[in-house]
Every structure is written in structure tokens, then in C-alpha cells.
1. Of the conditions (1) outside any helix (DSSP H, G or I); (2) among the basic types (Lys, Arg); (3) touching a strand residue (DSSP E or B) at 6+ places or on another chain (Cβ under 7 Å), residue 153 fails just one. Which one is it?
2. I'm checking my understanding of the structure. Among residues of region 149-163 that are aliphatic (A, V, I, L, M) and open to solvent by 10 Å² or more (accessible area, probe 1.4 Å), which one is modelled with the highest pLDDT?
3. Examine region 93-100 for a residue that is surrounded by 13 or more Cβ atoms within 10 Å (Cβ to Cβ), modelled with pLDDT of 95 or more and under 24 Å from residue 19 (Cβ atoms), and state whether such a residue exists.
4. Quick one: in region 20-34, of everything that is in contact (Cβ under 8 Å) with a residue 40 or more places away in the chain and in a helix (DSSP H, G or I), which residue is most open to solvent (accessible area, probe 1.4 Å)?
5. Against the condition open to solvent by 60 Å² or more (accessible area, probe 1.4 Å) and within 30 Å of residue 107 (Cβ to Cβ), how does residue 79 come out, does it pass?
6. For the subset of region 131-148 comprising residues that are open to solvent by 40 Å² or more (accessible area, probe 1.4 Å) and touching a Phe, Trp or Tyr at 6+ places or on another chain (Cβ under 9 Å), which member is nearest to residue 76 (Cα to Cα)?
7. Going through region 35-70 one residue at a time, which ones are of a type in the set (A, V, I, L, M, F, W, C), open to solvent by 70 Å² or more (accessible area, probe 1.4 Å) and either more than 30 Å from residue 23 (Cα to Cα) or in contact with a His (Cβ under 7 Å, 6 or more places away or on another chain) (or both)?
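The values are calculated or read from the model by the stated rules, or taken from the named source; none is laboratory data. It should be emphasised that the depicted structure is a prediction, and the values quoted were computed from it without experimental measurement. In this analysis, Cβ positions are derived from the backbone assuming ideal geometry, glycine residues included, and neighbour counts consider all displayed protein chains. Side chains are part of the model used for accessible areas, which takes the heavy atoms of the whole protein and leaves out ligands, DNA and RNA. Shrake-Rupley method; radii C 1.70, N 1.55, O 1.52, S 1.80 Å.
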Amino acid sequence: MAQAPATDQRLLGQIHVSANCSLTPRDALVFFAGVAVGSVSLAVLLATRGFWPVLPFAGLELLALGLALRISLRRGRYREVISVFPDRVVIEQGSSQPTQRTEFPRAWARVELAESRHRGHPGRLLIGSHGRWCEVGRMLTDEERRSLSNRLRELVAGDGAGR
């Protein structure tokens, strides 16, 4: 029976990339409750004075705010973990648990920092080989993306000695 050769498991470097999100679920709930109390109080006061159409709009306003907070909290949990081994580069992306895993042979992997064609739009940081690419650092600023690009180039292109 033939066996595949064992891959080298020594980790040369690992980079964790996440959004700069300081809003916790508890803080979001406190904020939502404060806005809801104010909004509903004003809507009820106006409804008692005959302006009853205000009530459904207050509800829609709170629904929109709740959805926006939920989306913000979900995006705040998004993580990327880039692990560099002597023989491969592994990129894991996802929220609480990695939902996408991409691997590239380290000897062929390239790090590309593509500047945006349009002023004011963010550039893209790509890792890839053989025509397959994976974008990393979408949530970073251009300056942070350049710094990450430099660090990734060091890890991917380096010989691994002493790292």
C-alpha cells in the first residue's frame, strides 16, 4: 500500500486578520434599547395627540436599526488566519469557525497588492499560484494592507530559517 509523504507541520508564521470592531453584543443591545425607548416614547406621545401614523414608522425605524446592528456584529466576527508552513500557505476565512480553507504550495505562492483603478476605492491583497487567487484583508485600510503585504512577502518568500 502506497502512502502519501508526510507534510512538514512546522509553522513558520501565522497572521490573524480581523475587523476593528469594538461593538460588543451587550453594547449593541444597550444602544438599541436606549434608542427604542426614546423612539417608542415619542411615537406614543404623538399617537395620543392624534398623529397615529407615526407608530408604524417608528416600528420600521427600529427594525432597520436592529438589522443594521446585526449585520455590523456579524461582520465584526469575520476572521482570516494565514498560516505559512515550509511547504504550503494555508488561508482560513470565516466568522466564528473557518468556513473557507484555501491552500497554495509555498514554493509557487505569490503575494500581489493590486491598487484600485478608481480613486477612493480600496486596493486588493491577493495570495495565489497557478491562476488561483484568494483575497485577504478586505476589512483593512490601504496602509494596513500594504503592511500585511510586506509581512506576507517576507514569510512566503523567506527560506524559513530562524523564523
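1. (1)
2. 156
3. No, region 93-100 contains no residue that is surrounded by 13 or more Cβ atoms within 10 Å (Cβ to Cβ), modelled with pLDDT of 95 or more and under 24 Å from residue 19 (Cβ atoms).
4. 25
5. So residue 79 fits the description; yes.
6. Applying the filter and picking the extreme gives 139.
7. 45, 51, 52
Listed here are the residues, each with its yes/no results for (1) closer than 28 Å to residue 71 by Cα; (2) over 14 Å from the mean Cα position of the chain (by Cα).
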{"residue": "90", "(1), (2)": "yes, yes"}
{"residue": "93", "(1), (2)": "yes, no"}
{"residue": "125", "(1), (2)": "yes, no"}
{"residue": "131", "(1), (2)": "no, yes"}
